[in-house]
1. Tell me, which helices (runs of 4 or more DSSP H) wholly within segment 22-106 include 2 or more residues that are on the phi < 0 side of the Ramachandran plot, touching a strand residue (DSSP E or B) at 6+ places or on another chain (Cβ under 9 Å) and at pLDDT 75 or above?
2. The conditions are (1) surrounded by 24 or more Cβ atoms within 10 Å (Cβ to Cβ); (2) without any contact (Cβ under 8 Å) to a residue 12 or more places away in the chain, and residue 295 fails exactly one of them. Which is it?
3. Mind checking which residues of segment 180-204 are crowded, with 18+ Cβ neighbours inside 10 Å and in a strand (DSSP E or B)?
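The values are calculated or read from the model by the stated rules, or taken from the named source; none is laboratory data. Here the structure is a predicted model, which means the values were calculated and not measured. FYI the Cβ positions are ideal-geometry reconstructions off the backbone, even for glycines, and counts take in every protein chain you see.
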């Protein structure tokens with residue numbers, strides 16, 4: 001006899017049918033970001049406006065699996081930014097009680113600590129610290145970024161890349177309407193990425209240094225997507241990404257890191273600084289093709 005036959009109420013807690021909604025604090029965090037919630041979780045809060053099942057959320061955030069959403073929503077529920085409202089399932093005793101899966105990963109606390117160091121704070125958040133204090137913001141943000149980073153790492157392991165779909169420009173719907181700027185210093189790497197993107201019909205341009213990249217932006221190249229390396233001859237791609245995100249005109253520029261750096265700490269840094277995607281070298285043409293299409297919201 002199957003589990004559903006023994007207890008038909010188990011069907012009430014199918015993860016994809018769980019219903020969540022924003023709390024007042026969740027709306028405040030969504031509408032007035034102050035560093036308390038990381039970028040990936042802000043995307044989830046934006047979708048959770050109204051009563052939403054995980055199934056409907058997953059339809060909008062296709063880069064997250066139902067399992068991922070269970071983890072992310074449990075964390076937001078713990079922070080009282082959303083609440084679960086399918087009370088019958090909760091009262092029946094089928095609420096998710098597994099804890100944050102990533103916290104069982106021995107590297108989870110290491111990633112949190114590394115992110116805290118990057119944010120210049122290493123002490124854990126006291127229970128009663130007010131949300132406005134830097135320590136609360138740092139510790140909580142580090143925890144959320146760590147969840148994102150480990151989720152990203154898992155997706156990279158499975159698929160070779162990770163990408164958040166960007167907001168597609170109005171009127172653009174096919175590759176020939178998108179411009180990709182490839183920022184890589186290695187000649188062969190540049191040629192390979194350029195060939196892959198050009199073959200799919202994208203308009204491409206290349207820059208072999210950050211100076212050339214900045215010059216292209218000043219010249220109003222207006223790329224729809226940037227494939228940005230980390231280790232460049234005249235600077236660090238992560239530092240450049242941070243600088244871009246601090247400027248209003250580039251805050252929404254779609255940036256995918258294309259790099260040989262593949263550690264969780266590096267991926268966490270990319271997530272923390274707001275990269276739209278992350279592709280690790282070496283990669284296959286199919287991997288880069290999918291990452292570009294996903295980042296440009298073409299699939």
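1. On the way: elements: 24-31, 39-47, 54-60, 66-78, 87-91.
Because the criterion is at least 2 residues that are on the phi < 0 side of the Ramachandran plot, touching a strand residue (DSSP E or B) at 6+ places or on another chain (Cβ under 9 Å) and at pLDDT 75 or above, the helices (runs of 4 or more DSSP H) in segment 22-106 that meet it are 24-31, 39-47, 54-60, 66-78.
2. In the conditions (1) surrounded by 24 or more Cβ atoms within 10 Å (Cβ to Cβ); (2) without any contact (Cβ under 8 Å) to a residue 12 or more places away in the chain, residue 295 misses (2) alone.
3. Residues satisfying the conditions are 180, 181, 182, 183, 204.
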